[in-house]
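Asks: Input: one structure, supplied below.
The values are calculated or read from the model by the stated rules, or taken from the named source; none is laboratory data. Predicted model only: the values in this text are computed from it and were never measured. Methodologically, a virtual Cβ is constructed for each residue, glycine included, from the backbone with ideal geometry; neighbour enumeration extends over all protein chains shown. Calculation scope for accessible area: heavy atoms of the full protein, side chains included, ligands and nucleic acids excluded. Shrake-Rupley method; radii C 1.70, N 1.55, O 1.52, S 1.80 Å.
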Amino acid sequence: MEYGPAPEDDKPARAWIDQRGGKFVSFINGKFVTPGDKPTWFPAENPATGEKLGQVYQSTQKDVDAAVKAARAAQENWAALPGFERAKYLYAITRLMQKHARLFAVLETLDNGKPIRESRDIDVPAATAHFHHHAGWAQIMDDEFDGYEPYGVAGQIIPWNFPLLMLAWKVAPALATGNTVVLKPAEQTNLTAQLFAEICVEAGLPKGVFNLVTGDGKVGAMIVAHDGIDKLAFTGSTDIGRLIRKESAGSGKALTLELGGKSPYIVFDDADIDSAVEGLVDAIWFNQGEVCCAGSRLLVQESIYDSFVEKLKRRMQNLRVGNPMDKCVDLGAVVDKTQLDRITKLVDKAVKDGAEIYQIKDACPTKGCFYPPTILTNVEPSDEIAQIEVFGPVLSVISFRNQQDAVAIANNTRFGLAATVWTENINMALEMAPAIKAGVVWINSSNRFYAGCGFGGYRESGYGREGGKEGLYAYLKPSYLSTLSEASPRKRGSTAAKK
Ligand code: NAD
């Protein structure tokens, strides 16, 4: 289904793919690798059309070893640079990301299925801002973090929902603090990470400081198990996060986990209702709901329940689902068939369990991995659909009586990533914020991210923070720990970041 003006021109992105022969491989020690004998490849697909964009190399243990070795060899010199020297590289990366912003956005949309409007106006600018922000930190690092030093080699594993932005959240603080990186993108979304590797070459980043290994979860597991990794950072599902925690326990590796969520979006009866409806469109339908902090549980005060749900349904009718390269589209495709099936099954099961479903008939194109915006009512707080992360455009609606009730339902979850409170009563809002067990609580807004603010969760949403000063501490350890580890058989990291 097509709406509005012609889709954005994707010719330069196609040319970029062709130039690489449609092959996406690991980037180790400053070079894209040539796969050895009988390499395994898997397809890179456009989920909106099913079109094959190219093929991705499944890295081997040898590749992971080579990437870790390169990162290790580069780390001491990288950490020994004064912070302002590292900052120069981060500023150069920032400028090159700005220069190639359009190519990044189109590649992201082709690869992930998200609307071009979002990749162009949100993902790419936010990723660029993250590097810019961390260049600033690198510049003042030696004074601000005196007595701290980098862990050494950071192994970073990222998901498919914000491929470039998650790369930025991981790579920028690691490089600013003097760590070197072995990064694994999700198997579904490799294109923008490949372009980023090219930019590292263009920026003159020393070889081995940034390494990329392509492949599926098995390659992720190799990074987790690798003896040459000092720090692990993971974003993805709670199940894999739990596994990584188990696997790395007792290994001495530092670990941060950014996992799932089931964030409450709480609307009190005194709220500015039109704004709350608009905020909810962003909270649950931005990025097809494939957002770890999506406001997927609407808690609405019972006195306005009917009118609010009615308004929301009317607003939902105006959402356009379709070709994500079309600038007028609000929801694109979900990332792949597996995710589409997962969403479909969870919603079907909820309906079987008694939920009432509201979807617009024929909202989606008939081909491609599309799922329509969905509202589920008649849902109890303890129902599976209100407890499990769907990671799709699916909203569960629950009513509450009063403030106490709202807090109890909001906290009735194993997650604790984010929450939103809508009310004109600022005193109540300020009481609600600390009462809700969530890493971030937005008041009269949602999905606000700033490079200068720490983001992360409680409980099964993981631990550690990304962004802000606290995000930098996740890549640093007190220097005295190195003195202690001198006595241990294998010295980890480097002590070279001192002034
Ligand atoms: P996933 O957790 O399996 O994948 C995330 C990353 O981890 C990918 O790079 C993957 O290759 C890697 N990985 C997989 N197995 C691994 C292992 N054993 N060791 C190390 N790395 C491993 O997520 P998924 O299967 O792509 O999605 C499933 C569900 O996870 C989604 O439906 C959603 O609920 C959730 N999810 C959450 C986020 C988030 O941002 N919190 C992101 C993506 C998916």
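Asks: Tell me, what % of the accessible area of the chain is carbon and sulfur with a 1.4 angstrom probe?
Replies: 52
Asks: Just by accessible area at a 1.4 angstrom probe, what is the order of ILE273, ILE17 from largest to smallest?
Replies: Reading off the accessible areas and sorting them downward yields ILE273, ILE17.
Asks: Give the peptides 226-236, 379-389 in descending order of average Cβ contacts within 10 Å, highest first.
Replies: 226-236, 379-389
Asks: Taking the 0 to 90 degree range and rounding to the nearest ten, how far is the long axis of helix 163-176 tilted relative to the main principal axis of the chain, both from C-alpha atoms?
Replies: 40
Asks: If you take the charge dipole of the chain about its Cα centre, with +1 on Lys and Arg Cβ and -1 on Asp and Glu Cβ, which of GLY289, ALA451, PRO115 is farthest toward its positive end?
Replies: ALA451
Asks: So, with +1 on the Cβ of K and R and -1 on the Cβ of D and E, and no other charges, what is the size of the charge dipole of the stretch 114-171 about its Cα centre, to the nearest 20 debye?
Replies: 520
Asks: Ignoring everything but the protein chains, give the 1.4 Å probe accessible area of ARG120 in square angstrom, nearest 10.
Replies: 80
Asks: Over the alpha-carbon set of the chain, work out the extent along each principal axis and list the three values in angstrom, largest first.
Replies: So the extents along the principal axes, rounded to whole Å, are 64, 49, 36.
Asks: If you build the convex hull over the alpha carbons only and average its shadow over all orientations, what do you get for the stretch 1-146? Give it in nm² to one decimal.
Replies: 11.1
Asks: Taking the Cα centre of the chain as the origin, how large is its charge dipole in debye, to the nearest 20, when only Lys and Arg (+1) and Asp and Glu (-1) carry charge on their Cβ atoms?
Replies: 1660
Asks: Starting from the eigenvalues of the Cα gyration tensor, five times each then square-rooted, give me the equivalent ellipsoid semi-axes of the stretch 130-277, largest first, whole Å.
Replies: On the way: eigenvalues 162, 89, 64 Å².
Calculated on Cα positions only, the semi-axes equal 28, 21, 18 Å.
Asks: Rounded to whole Hz and in sequence order, give me ³J(HN,Hα) for the stretch 119-132 from the Karplus expression 6.51 cos²θ - 1.76 cosθ + 1.60, θ = phi - 60°, writing x for Gly and Pro.
Replies: So the Karplus estimates, Gly and Pro as x, are 5, 6, 9, 10, 4, 5, x, 5, 5, 5, 4, 5, 5, 4 Hz.
Asks: Could you give the size of the charge dipole of the stretch 1-144 about its Cα centre, using +1 on the Cβ of each K and R and -1 on the Cβ of each D and E, expressed in debye and rounded to the nearest 20?
Replies: 460
Asks: Please report, to two decimal places, log10 I(q)/I(0) for the stretch 267-351 at q = 0.24, 0.25 Å⁻¹ as given by the Debye formula with identical point scatterers on the Cα atoms and no solvent.
Replies: -1.29, -1.32
Asks: Which order do LYS311, LYS38, LYS262, LYS11 take when ranked by solvent-accessible area (1.4 Å probe, heavy atoms of all protein chains), largest first? Could the numbers behind the result be given before it?
Replies: Numbers: LYS311 70, LYS38 190, LYS262 5, LYS11 140 Å².
Output order, biggest surface exposure first: LYS38, LYS11, LYS311, LYS262.
Asks: Given a 1.4 angstrom probe, what's the average accessible area per residue across the stretch 54-168, in square angstrom?
Replies: Solvent-accessible surface per residue comes out at 34 Å².
Asks: Given VAL64, HIS100, ALA127, which one lies farthest toward the positive end of the charge dipole of the stretch 14-155, if we put +1 on the Cβ of every Lys and Arg and -1 on the Cβ of every Asp and Glu?
Replies: HIS100
Asks: Could you order ARG465, ARG245 so the one with the most accessible surface comes first? Probe is 1.4 Å.
Replies: Result of the area sort, largest leading: ARG245, ARG465.
Asks: Treating only the Cα positions of the stretch 309-430 as identical point scatterers, give the base-10 log of I(q)/I(0) from the Debye formula at each q in 0.21 Å⁻¹.
Replies: Computed log10 I(q)/I(0) values: -1.30.
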